[in-house]
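Structure first, commentary second.
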Amino acid sequence: MKVVVGAEEELYGDNVPALEGWAGRQPPRSGQPFVVLTNHNEGPKFAAFRHEVVRRLRNVGYLDRPLQAITLQTRAASKHHQFLKLDWLLIPWPSFTQ
């Protein structure tokens, strides 16, 4: 199972629907995990956006930047402890549209 990790800013614009389409093409019940690194912005606009991302992608965890590498590793492993092998997929969000 690969964990998709990316910055929140990369989801702005039309990237969430593209990523949702990609996640929808994954094997059924894969529960594709996403970890989104947030930019510390708060307020109703950002809360609504983050809620929409979770609604569309479902298996999303948020981490505030800056963070240490161990925080990212622990978050991904705890979300997906049932998998024996955990790979990392670190790519820019827009590449899902290609």
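Yes/no matrix, rows are residues, columns are (1) at pLDDT 90 or above; (2) in contact with a Ser or Thr (Cβ under 8 Å, 6 or more places away or on another chain):
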position	(1), (2)
Glu42	no, no
Lys45	yes, no
His51	yes, no
Gly61	no, no
Asp64	no, yes
Gln68	no, no
Gln73	no, no
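The numbered conditions (1) in a helix (DSSP H, G or I); (2) more than 13 Å from the chain's Cα centre (by Cα); (3) surrounded by 11 or more Cβ atoms within 10 Å (Cβ to Cβ) are all true for Ile70 except (3).
How about the range 1-13: which of its residues are touching a residue at least 60 places away in the same chain (Cβ under 8 Å) and among the charged types (D, E, K, R)? Lys2, Glu10 - these are the residues of the range 1-13 that are touching a residue at least 60 places away in the same chain (Cβ under 8 Å) and among the charged types (D, E, K, R).
Please pick out the residue among Leu57, Leu86 that is surrounded by 12 or more Cβ atoms within 10 Å (Cβ to Cβ) and either at pLDDT 80 or above or more than 16 Å from Val4 (Cα to Cα) (or both). Steps first, answer last, please.
Numbers: Leu86 fails: either at pLDDT 80 or above or more than 16 Å from Val4 (Cα to Cα) (or both).
Among Leu57, Leu86, only Leu57 is surrounded by 12 or more Cβ atoms within 10 Å (Cβ to Cβ) and either at pLDDT 80 or above or more than 16 Å from Val4 (Cα to Cα) (or both).
The values are calculated or read from the model by the stated rules, or taken from the named source; none is laboratory data. Source: prediction; values computed, not measured. Glycine also receives a Cβ, built like all others from the backbone with ideal geometry; neighbour counts cover every protein chain displayed.
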